[in-house]
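Engineer: Below is a structure I'd like to ask you about.
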Amino acid sequence: MKKLFIPALALTLVWSCGNKKNYQQEADTYIKEYIQRFQKLYTQSSEAEWASNTRIVEGDSTNAIATRKANEAMAAFTGSEENIKKTRELLEHKADLTDLQVKQLENMLFAAANNPQTIPEVVKKRIKAETEQTEKLYGFNYQLNGRPISTNQIDSILRVEKDLTKRQQAWEASKEVGKGLKGGLVNLRQLRNETVQALGYDDYFSYQASDYGMKREEMINLMRRINKELMPLYRELHTYARYELAKKYKQSQVPDLLPAHWLPNRWGQDWSSMVEVAGINLDAVLRSKGAEWQVQQAERFYQSLGFPALPKSFYEKSSLYPVPANATYKKNNHASAWHMDLDKDVRSLMSVEPNAEWYETTHHELGHVYYYMSYSNPEVPLLLRGGANRAYHEAMGSLMGLAAMQKPFLAQLNLVDKNAKTDEVQTLLKEALNYVVFIPFASGVMSEFEHDLYAKNLAPEKFNQRWWELAAQYQGIAPPTQRGPEYADAASKTHINDDPAQYYDYALSYVILFQFHDHIAKNILKQDPHATNYYGNKEVGKFLASIMSPGESADWRKMLKEKTGEDLSARAMVAYFEPLMTYLQEQNKGRKYTL
């Protein structure tokens, strides 16, 4: 019998291939078992959170208890010592696994780091503290002159009221919630840091930044770079706003820092309502159409691009409108989109009213919902059903909000007269007072504050001091009166409490959205980026679907380069607003710059 000769190299290859196959099979079996349990617990947690956010009854802790139990069960599974050990063992053989397997295992380990059962009591305390903080935040009774007032009503006052005393009263009323949240925030900071430190992260900010494949220093440096790129334009907008608002409020002295109560937003993150564009009065038109029309029209927009209708359950299960005035409960008024089961159950939580702000918001939130629907397909594993990164999710929503506000689009819907003359510079100014003004708040104030909160263990007595130092540095804003250490004005911002250490997502999303918009306008629509109409264009829909459908299975850096031809950069955003610079510099001649 002839002996079969197999070279040593070939033997090595045979053993290696077989070993590789075994690791892949082992990983596949483990991931499938994990997903089956994970999806069930995730859904239960989502349902409990939904109840806690949509029906808040003072003195009734039923929802809070149910939410805590559901989240504890989720934490016990995702952070179990067994899962951590098994996931780490498999990742030691990363080279033998498929890219999709590695991504899923890394996501499992990321989830475990927020819930490590090596320190179960700390995780339970954190979940309890988060639930209590959420109830306290959304159950707060805002008062103005001794009477209850909603956040929507406060926002309305800050948009339209001209009496500075009344504006200051409304602004101060909006910040009262922070005082009661301060102690909870201090406790949450400690518990969040302790939780992730158990799996080797330095602090909670570092943990969140790692989801981008970045260290916290890299993320902060990126935020500072974006601020620097946009600062010349923001400086012009800040100078313009100081002088124009001083004129509006009949003030003889123009302050160096903008008083916070002069601005039409509680945090000074959006000044767009300062400008009314002639020929475009959306509030008046939308008032006659009603809130329900706005949501349905946003759905029609996505359908016009080739996306499917929303599932019937979306309208049956969502909470889309303000609670009735005589309701015995409250709800979270901050707009959000929910993927309840990481599959077909998609919802939105809003308090839609018929005005331009909510018109844009409905398009934004449905952007999230359609992103969920797009990547909930058999090609994307359940553990990778997320945005290419978190900023992509926000970018898609904000992109559609921008598109839905451009004149050719509005004219097609008969929301504005297509023949009406509109001032293009004023339109651009209004947009800049939204998109550009937001960047120093998101990448500067919020990101730096939360960095200091978690990574530098900012002292509680310095919370307010640091918040207003950052507001002065980045936004050029100051409070109307001295705000002492008893206040925690940062905590009046929802995300500080219940979506922590990741507000840079929003800053990055604006940069990314302008990169996408620039590509769509120039390469698909062949239109001026300032005057586009996406409506009914199936090619635009295909482009968007190609970004959304892969979910997190795609590498966000590669995708951005492939889709736009460039790496992450504020270039497109700066270019979009370049025509505005000449106008602002002309307006600001002879005026004092303070940034």
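Since every read-out is calculated from the coordinates, none of them should be taken as a lab result. It should be emphasised that the depicted structure is a prediction, and the values quoted were computed from it without experimental measurement. Quick reminder, even Gly has a Cβ in these numbers, built from the backbone with ideal geometry, and neighbours come from all protein chains shown.
Engineer: If you consider only alpha-carbon coordinates, what radius of gyration and Dmax does the chain have, in Å?
Structural biologist: Values for the chain (Cα only, Rg and Dmax): 25.2, 107 Å.
Engineer: For the range 419-564, what is the largest minus smallest coordinate of the Cα atoms on each principal axis, given in angstrom and ordered from greatest to least?
Structural biologist: Answer, in whole Å and largest first: 54, 45, 21 Å.
Engineer: So what J values fall out for the range 39-53 if you push phi through Karplus, 6.51 cos²θ - 1.76 cosθ + 1.60 with θ = phi - 60°, rounded to Hz, Gly and Pro as x?
Structural biologist: Calculated HN-Hα couplings, in order: 4, 4, 5, 4, 5, 4, 5, 4, 5, 5, 5, 4, 4, 5, 8 Hz.
Engineer: Still on this structure, please answer the following. Taking a temperature of 25 °C and a viscosity of 0.890 mPa s, what whole-number D in µm²/s does Stokes-Einstein yield for the range 258-382 with Rh from Kirkwood over alpha carbon pairs? Please report the intermediate quantities before stating the final value.
Structural biologist: Details: Rh = 16.4 Å.
D = 150 µm²/s.
Engineer: Using Cβ counts within 10 Å as a stand-in for footprinting exposure, how do Y30, Y487, Y243 rank, fewest first?
Structural biologist: Exposure proxy ranking, most exposed first: Y243, Y30, Y487.
Engineer: Using square roots of five times the C-alpha gyration tensor eigenvalues, list the equivalent-ellipsoid semi-axes of the range 9-137 in whole Å, biggest first. Kindly include the intermediate steps, with their values, before the conclusion.
Structural biologist: Numbers: eigenvalues 312, 35, 18 Å².
Taking √(5λ) for each Cα gyration eigenvalue gives 39, 13, 9 Å.
Engineer: Over the range 185-320, what is the relative contact order in percent, taking alpha-carbon pairs closer than 8 angstrom and at least six residues apart?
Structural biologist: 7 percent
Engineer: Continuing with this model, one more query. What distance in nm lies between label points placed 7 Å from Cα along the C-beta direction at T118 and Y329?
Structural biologist: Rounded to a tenth, the inter-label distance reads 4.0 nm.
Engineer: Got the relative contact order for the range 9-137 handy, in percent, Cα pairs under 8 Å and 6 or more residues apart?
Structural biologist: 31 percent
Engineer: Still on this structure, I have one more. Taking each pair of distinct Cα atoms in the range 88-157 once, what is the resulting Kirkwood hydrodynamic radius in Å?
Structural biologist: 16.3 Å
Engineer: Further question: Using Cα atoms only, what is the angle between the long axis of helix 81-91 and the major principal axis of the chain, expressed in degrees (0 to 90) to the nearest 10?
Structural biologist: Taking Cα atoms only, the helix is inclined about 80 degrees.
Engineer: Could you let me know the centre-to-centre spacing of the range 99-163 and the range 531-595, using Cα atoms, in angstrom?
Structural biologist: 29 Å
Engineer: Right, here's the next one. Fewest first, what order do S304, S553, S252 take by the number of other Cβ atoms within 10 Å?
Structural biologist: S252, S304, S553
Engineer: Please state, to two decimals, what the Cα-based radius of gyration of the range 473-535 comes to when divided by 2.2 N^0.38 Å (N = residues).
Structural biologist: 1.77
Engineer: Taking Rh as the Kirkwood radius, which is the inverse of the mean 1/r over Cα pairs, what is the Rg/Rh value for the range 369-470?
Structural biologist: Ratio of gyration radius to Kirkwood radius: 1.14.
Engineer: Over the chain, what is the relative contact order in percent, taking alpha-carbon pairs closer than 8 angstrom and at least six residues apart?
Structural biologist: About 18 percent, as a whole number.
Engineer: Express in whole angstrom the spacing between the alpha-carbon centres of the range 357-430 and the range 241-255.
Structural biologist: Spelled out, the Cα-based centre of one part sits 34 Å from the other.
Engineer: Enter the mean projected area of the convex hull around the alpha-carbon atoms of the range 365-419, in nm², rounded to one decimal. Display every interim value, and only then the final one.
Structural biologist: Values: hull surface 17.7 nm².
Result: a mean projected hull area of 4.4 nm².
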